[in-house]
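**Student:** Before I ask anything, here is the structure I am working with.
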Amino acid sequence: MLNRTIACFVGAGLMACVALAAEPQTLPGENPNPVRLVRPPVAPLSAMAKLGRDVFFDTSLSSSGKMACASCHSPDHAYGPPNDGPVMPGGPALSLPGLRAVPSLTYLQRQPDFSIGPDDRENETVTLAQMADIGQTATRVQKTAQQATQSAANIVPQGGLFWDGRADTLQIQASGPLLDPREMDGGSIEVIAEKLRRAPYATKIAALFGETVLKNANLLVAEATFAIGRYQIEEPSFHPYTSKFDYWLEGKARFNDNEMRGYRLFNDPEKANCAGCHSSRVTRDGFPPLFTDTQYEALAAPRNMVLPDNKDPGYFDLGVCGPVRKDIADQTQYCGMFKTPTLRNTALRRAYFHNGVFTSLRQVMDFYNFRDTNPEKVYPLGADGKVQRYNDIPMKYHANVDVSDPPFDRHLGETPAMTDQDEADIIAFLNTLNDGYKPRE
């Protein structure tokens with residue numbers, strides 16, 4: 001829409017009016033500075049990706065014969081879990097609860113490798129332990145939307161796949177559930193390889209890699225998981241960028257009042273400060289935001305007593321420090337840290353945080369809002385009547401918990417960062433991150 005300014009001049013008893021230069025005028029809820037987003041190219045799947053699709057949906061690779069990659073990473077649920085529970089059941093009878101909440105497989109193609117500090121491919125001789133030592137004394141920039149560029153350089157764990165970053169490639173990530181006894185429970189590489197040899201798509205494997213690959217169990221399984229990775233990269237539904245937010249960025253959609261207020265609160269360091277970790281900015285190259293900085297945080301979500309492992313008072317899921325990941329367990333300054341997930345399609349989920357302790361976005365927002373000011377609203381009371389703060393992290397690691405980044409920089413009894421309406425507005429904005437929006441023509 002154009003808004004013309006009319007200027008009138010009086011002279012010699014006459015009045016003349018002229019139209020000055022037209023100025024752009026946005027409608028309510030429009031992006032005043034629309035951009036052109038760079039999306040991944042869409043093309044027919046390669047033969048490798050088609051093979052990966054076959055493997056991704058193959059239930060015969062599991063011990064139950066009923067579980068495939070797609071069982072936990074459902075295409076109908078943004079490649080996240082289809083159930084309402086905190087974890088997905090697996091194993092030979094589909095009765096064993098998983099260790100952690102199932103993360104979405106969407107938007108992983110731009111995830112960097114795991115590193116401590118920004119990934120430096122030009123200096124690969126520096127070890128994780130050496131970077132961890134540097135991080136012990138390095139200055140850490142407070143994470144806010146305005147300081148995202150500076151905080152990206154913090155010497156903290158970042159990147160990788162899974163909640164603990166233990167895999168650097170989609171191929172390695174795919175092999176984990178295949179062998180996990182609580183998930184697909186494939187048994188062994190040899191057992192999985194034999195099933196691949198008998199699969200309807202075995203001829204595709206031979207055509208792509210040669211007949212000899214069928215005789216080498218390790219190579220056969222490696223090629224199958226590599227194909228899964230190619231499928232995730234090439235299949236557009238893993239990274240569609242078709243949310244209302246994406247089209248709003250391009251000037252093709254308008255936010256309603258709640259969504260616009262939520263967007264501003266999301267980016268406001270005096271309020272929710274969500275963008276401090278879940279960046280909402282388009283990259284310099286024009287790529288849509290991933291809504292994660294891929295860094296790791298110890299947020300101290302409450303213990304989820306629904307999980308059988310947590311019935312043992314001595315058991316703790318420490319994320320980067322174990323129990324699954326073991327290579328940097330000695331870096332105890334990171335114990336309790338988990339990777340920041342993308343918020344794209346997060347409103348479709350029914351389990352939040354690594355332990356699935358929250359079942360709604362309202363509960364998540366309450367946690368951020370009240371964890372430090374009113375902890376009794378998010379943590380249980382002990383037998384002594386005291387609030388059990390940080391009850392899913394051993395006392396010796398409580399110093400790892402983030403108390404510096406807003407809104408976690410508030411203190412007991414202070415006014416929470418958000419009102420009830422603020423939370424509702426932010427949730428309205430988060431719903432604009434769901435893919436599948438149809439923009440106006």
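The values are calculated or read from the model by the stated rules, or taken from the named source; none is laboratory data. As the structure is a computational prediction, the values presented were derived from the model and not from experiment. Note that each Cβ is placed from the backbone with ideal geometry, even for glycine, and that neighbours are counted across all protein chains shown.
**Student:** For segment 362-419, what are the residues that are on the phi < 0 side of the Ramachandran plot and hydroxyl-bearing (S, T, Y)?
**Tutor:** Result: Y368, T373, Y379, Y397, S404, T415, T419.
**Student:** Would you point out the residue of segment 240-292, among those that are of a type in the set (K, R) and part of a helix (DSSP H, G or I), that is surrounded by the most Cβ atoms within 10 Å (Cβ to Cβ)? It would help to see each step written out before you state the result.
**Tutor:** Within segment 240-292, the first condition is being of a type in the set (K, R), and the residues that meet it are 244, 252, 254, 261, 264, 271, 281, 284.
In the following step, the residues that additionally are part of a helix (DSSP H, G or I) were identified as 244, 261, 264.
Working: K244: 22, R261: 18, R264: 15.
Filtering first and then ranking leaves K244.
**Student:** Collect the residues in segment 408-441 that are within 17 Å of the chain's Cα centre (by Cα) and basic (K, R), keeping them in residue-number order.
**Tutor:** none
**Student:** List pairs: first residue in segment 274-292 and in contact (Cβ under 8 Å) with a residue 12 or more places away in the chain, second residue of a type in the set (D, E) anywhere in the structure, Cβ distance under 6 angstrom, at least six positions apart or on different chains.
**Tutor:** G276/D405; C277/D293; S279/D293; P288/D246
**Student:** Quick check, is V387 in contact with a strand residue (DSSP E or B) (Cβ under 9 Å, 6 or more places away or on another chain), of a type in the set (V, I, T) and surrounded by 20 or more Cβ atoms within 10 Å (Cβ to Cβ)? Walk me through it before giving the result.
**Tutor:** On the way: in contact with a strand residue (DSSP E or B) (Cβ under 9 Å, 6 or more places away or on another chain): yes; of a type in the set (V, I, T): yes; surrounded by 20 or more Cβ atoms within 10 Å (Cβ to Cβ): no.
So V387 fails the test.
**Student:** Provide a single number: the residues in segment 88-122 that are without any contact (Cβ under 8 Å) to a residue 24 or more places away in the chain and among the small types (G, A, S).
**Tutor:** To start, the set of residues in segment 88-122 that are without any contact (Cβ under 8 Å) to a residue 24 or more places away in the chain comprises 89, 95, 120-122.
After this cut, where a residue has to be among the small types (G, A, S) as well, the list is 95.
Going through segment 88-122 one residue at a time, the tally reaches 1.
**Student:** Please determine whether any residue of segment 150-164 is part of a helix (DSSP H, G or I) and modelled with pLDDT under 95.
**Tutor:** Yes, some residue in segment 150-164 is part of a helix (DSSP H, G or I) and modelled with pLDDT under 95.
**Student:** Of everything in segment 176-197, what is without any contact (Cβ under 8 Å) to a residue 60 or more places away in the chain and either part of a loop (DSSP other than H, G, I, E, B) or of a type outside the set (A, V, I, L, M, F, W, C) (or both)? Give them in sequence order. Show your work before the answer.
**Tutor:** First pass over segment 176-197, keeping only residues without any contact (Cβ under 8 Å) to a residue 60 or more places away in the chain: 176, 179, 188-191, 193-194, 197.
Listed by number, the residues that qualify are G176, S188, E190, E194, R197.
**Student:** Just the residues that are at pLDDT below 95 and touching a Pro at 6+ places or on another chain (Cβ under 7 Å), please, taken from segment 1-39.
**Tutor:** L2, T26
**Student:** Another question about this same structure. Quick check on my filter: what residues within segment 71-109 are over 24 Å from V364 (Cβ atoms) and not in a helix (DSSP H, G or I)?
**Tutor:** Those that are over 24 Å from V364 (Cβ atoms) and not in a helix (DSSP H, G or I): G90, G91, P92, A93, L94, S95, L96, Q109.
**Student:** I'm told R362 meets every condition in (1) over 27 Å from G80 (Cβ atoms); (2) assigned to a helix (DSSP H, G or I) except one. Can you identify the failing condition by its number?
**Tutor:** (1)
**Student:** Would you check which residues across segment 293-313 are within 18 Å of P380 (Cβ to Cβ) and assigned to a loop (DSSP other than H, G, I, E, B) and list them?
**Tutor:** L299, A300, A301, P302, R303, N304, M305, V306, L307, D312, P313
**Student:** Within segment 138-148, is there a residue that is part of a loop (DSSP other than H, G, I, E, B), farther than 16 Å from R325 by Cβ, over 20 Å from the mean Cα position of the chain (by Cα) and among the β-branched types (V, I, T)?
**Tutor:** Yes; the residues of segment 138-148 include at least one that is part of a loop (DSSP other than H, G, I, E, B), farther than 16 Å from R325 by Cβ, over 20 Å from the mean Cα position of the chain (by Cα) and among the β-branched types (V, I, T).
**Student:** So, one more: Of the numbered conditions (1) surrounded by fewer than 21 Cβ atoms within 10 Å (Cβ to Cβ); (2) over 21 Å from Q232 (Cβ atoms); (3) of a type in the set (S, T, Y), S60 fails exactly one; give the number of that condition.
**Tutor:** Of (1) surrounded by fewer than 21 Cβ atoms within 10 Å (Cβ to Cβ); (2) over 21 Å from Q232 (Cβ atoms); (3) of a type in the set (S, T, Y), only one is false for S60: (2).
**Student:** When only residues in segment 216-239 that are among the charged types (D, E, K, R) and in a helix (DSSP H, G or I) count, which is nearest to D76 (Cα to Cα)?
**Tutor:** Step one: filter segment 216-239 for residues among the charged types (D, E, K, R), giving 223, 230, 234-235.
Okay, now just the ones that are also in a helix (DSSP H, G or I), so 223, 230, 234.
Details: E223: 26, R230: 20, E234: 18 Å.
This residue is E234.
**Student:** I've got another one for you. Which of the residues belonging to segment 392-426 are surrounded by fewer than 19 Cβ atoms within 10 Å (Cβ to Cβ), in contact with a helix residue (DSSP H, G or I) (Cβ under 9 Å, 6 or more places away or on another chain) and part of a helix (DSSP H, G or I)?
**Tutor:** Correct list: K396, A399, Q421, A424.
Residues are listed down the side, and each one gets a yes or a no for (1) surrounded by fewer than 16 Cβ atoms within 10 Å (Cβ to Cβ); (2) closer than 28 Å to Y352 by Cβ:
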{"position": "T127", "(1), (2)": "yes, no"}
{"position": "R140", "(1), (2)": "yes, yes"}
{"position": "T144", "(1), (2)": "no, yes"}
{"position": "S151", "(1), (2)": "no, yes"}
{"position": "F162", "(1), (2)": "no, yes"}
{"position": "A174", "(1), (2)": "no, yes"}
{"position": "E194", "(1), (2)": "yes, no"}
